[in-house]
Structure formats: C-alpha cells, structure tokens
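Heads up, the thing below is written out as structure tokens.
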Amino acid sequence: MAKDMTLFWGSGSPPCWRVMIALEEKKLQGYQQKLLSFEKMEHKSKEVMELNPRGQLPAFKHGNHILNESYAACLYLESQFKSQGPQLIPDSPEEQAMVYQRMFEAQTLQQKLSDVIYYTWRVPEAERHESALKRNKETLTAELQLWEQYLQKMEAGSYLAGKSFSMADVVAVPVVAYAVRFGLSQDRYPRLGQYYSLVKERPSVKASWPPHWLENPQGMDTLKDL
C-alpha cells in the first residue's frame, strides 16, 4: 500500500515532518519520496505544482487521492490505516476531545513562532518596526507559557493529550522541535523541555528527523531570550 504513496517534502518543515511521522507511526515505510530544496525553489517545480498548485510542501498523493494540507494528510492516514500501528485518535469522547483540541492549538503555536522567527525574512527592511517584533515576541512568550501550564497539569512523562502518543503529538512535535532548534530555553520552559526530550527519542520521530539538522546539529539563538 505504501508503494502507492508519493511525498514531496522539505527538510525541517513542520508540515512535511508531521506527515512523515504519521507515515512512520502507521507502519507505511517504503513510500515514494523526494526531498526538495526550498533554497533552490524546487517546491515551485512542475512536478510539485501538478500536485499542489499552491507550490507548497508537503505534496502528498495516495493512489488518485491528493492531500497537500498536512493536517488533512495526517487525519486521512489515521482514518484509512486505523488498524495499523498505534491508534492515534482514541475512541473515548473525553480523550478524543483533548487530542483534537491540542492538535489545532498547535497551529496557533506554529503561527506565533513563525511571526518571530521569520519576521526579518518576511518583512521588507523599510517596513520593519522594533515595536512589532517586540509585540510578536511577547505574544509568543504568552503562548509558550500556556503550553508549559498545560504540561504542568499532566503527569510526568505524559504526552500532550494523555499517557499515550497521539495525533496531537504527531502534529505538535515538529513545532516544539523547531522552537528548540531556534534557541528556546529548556531551562526556562522545563516541562516543554521534558516533553521534547521524551518525544525526540520516539522511533517515528528519529526516523524522520530533518537530515540537515543531523548534518548541522547547531541551531540558532533567535528565541534564546524568550
């Protein structure tokens, strides 16, 4: 079945990474894949645009089914291969509600991270304002403190939505790892640090770890003062 799947992806991209984690969790190794370079604009190539007219990664295809939104691809994989690998969305209404809640909250965390990390890349120099960057950092700090509080309420060694690894972790792990990569202090956010230490050792995460991070483990210090 995995041979009918094709994934175009970019190293370090949280949306790409979460799809790869989902594929690993559902025991779908062996899918066709192609690593593309954002720097070389390969995500705008003809083969990608044919799958994803937005020219974004990931671009994922299973048979005749195309899913380019990472959340959609992850949910599709769980639905179609529920009996393979661990169940990532529990049946219990209470547990399921928590998984969905944390899943979609991870989008907010990712957006607020991007607002800080990519500010100088996205905003032309003439339009940059220190007050805007300061506001973005304050907003991100409040968001990180919220996640720290969520984890403080969980038992030690818990995942985002409970004792079991779930779809909430599939989508959020790349975001948390990205924050650490860009200098997030694990001392200042100890429960997020403990969570990161837990999930980075999971086989599906290790198997899909961004190759350029392996080649260059040294990250950046963009978030060191948050």
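Descriptive notes on the structure:
- Test: residue in the range 79-100 that is open to solvent by less than 70 Å² (accessible area, probe 1.4 Å), assigned to a helix (DSSP H, G or I) and closer than 25 Å to His65 by Cβ: yes
- Close contacts from the range 22-45, counting a first residue that is without any contact (Cβ under 8 Å) to a residue 40 or more places away in the chain and a second that is β-branched (Val, Ile, Thr), with Cβ to Cβ under 6 Å and a gap of 6+ residues or different chains, come to Gln32/Thr6.
- Residues located in the range 15-40, provided they are open to solvent by 10 Å² or more (accessible area, probe 1.4 Å) and among the aromatic types (Phe, Trp, Tyr): Tyr31, Phe38
- Residue match in the range 127-135 (condition: surrounded by 16 or more Cβ atoms within 10 Å (Cβ to Cβ) and not in a loop (DSSP other than H, G, I, E, B)): no
- Checking each residue of the range 102-122 against the condition of being assigned to a loop (DSSP other than H, G, I, E, B), free of Cβ contacts under 8 Å to residues at least 24 places away in the same chain and among the basic types (Lys, Arg) gives no match.
- If you go through the range 41-50 and keep only what is part of a helix (DSSP H, G or I) and either at positive phi or open to solvent by 30 Å² or more (accessible area, probe 1.4 Å) (or both), you end up with Glu42, Lys44, Lys46, Glu47, Met49, Glu50.
- Test: residue in the range 153-172 that is over 30 Å from Glu78 (Cβ atoms), surrounded by fewer than 19 Cβ atoms within 10 Å (Cβ to Cβ) and not small (Gly, Ala, Ser): no
- Checking the range 51-59 against the condition returns a match, with at least one residue being in a strand (DSSP E or B) and open to solvent by less than 80 Å² (accessible area, probe 1.4 Å).
- Selected residue [among the aliphatic types (A, V, I, L, M), open to solvent by 10 Å² or more (accessible area, probe 1.4 Å) and free of Cβ contacts under 8 Å to residues at least 12 places away in the same chain] from Leu198, Leu214, Leu226: Leu214
Each row is one residue, and each column tells you yes or no for (1) among the acidic types (Asp, Glu); (2) touching a residue at least 40 places away in the same chain (Cβ under 8 Å).
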{"site": "Met20", "(1), (2)": "no, yes"}
{"site": "Glu50", "(1), (2)": "yes, no"}
{"site": "Gly55", "(1), (2)": "no, no"}
{"site": "Pro58", "(1), (2)": "no, yes"}
{"site": "Ile66", "(1), (2)": "no, no"}
{"site": "Ile89", "(1), (2)": "no, yes"}
{"site": "Glu94", "(1), (2)": "yes, no"}
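For every residue, the table says whether it meets (1) under 20 Å from the mean Cα position of the chain (by Cα); (2) within 20 Å of Ser11 (Cβ to Cβ); (3) not β-branched (Val, Ile, Thr).
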| position | (1), (2), (3) |
| --- | --- |
| His43 | yes, yes, yes |
| Lys46 | no, no, yes |
| Pro58 | yes, yes, yes |
| His62 | no, no, yes |
| His65 | no, no, yes |
| Asn68 | yes, yes, yes |
| Leu75 | yes, no, yes |
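- The range 123-161: number of residues that are hydroxyl-bearing (Ser, Thr, Tyr) and under 23 Å from Met98 (Cβ atoms): 3
- Some residue of the range 31-40 being at pLDDT 95 or above, in a loop (DSSP other than H, G, I, E, B) and more than 24 Å from Tyr178 (Cβ to Cβ): no
- Residue in the range 194-201 that is β-branched (Val, Ile, Thr) and either out of contact with any Phe, Trp or Tyr (no Cβ under 7 Å at 6 or more places or on another chain) or under 20 Å from Glu95 (Cβ atoms) (or both) present: yes
- Which listed residue is at pLDDT 95 or above and either open to solvent by less than 20 Å² (accessible area, probe 1.4 Å) or of a type outside the set (A, V, I, L, M) (or both), from Thr141, Thr120: Thr141
The values are calculated or read from the model by the stated rules, or taken from the named source; none is laboratory data. Fair warning: this is a prediction, and the values are worked out from it, not measured in the lab. Positions of Cβ are backbone-derived with ideal geometry, glycine not excepted, and every protein chain shown enters the neighbour counts. Surface accessibility is based on the protein's heavy atoms, side chains included, excluding ligands, DNA and RNA. Shrake-Rupley method; radii C 1.70, N 1.55, O 1.52, S 1.80 Å.
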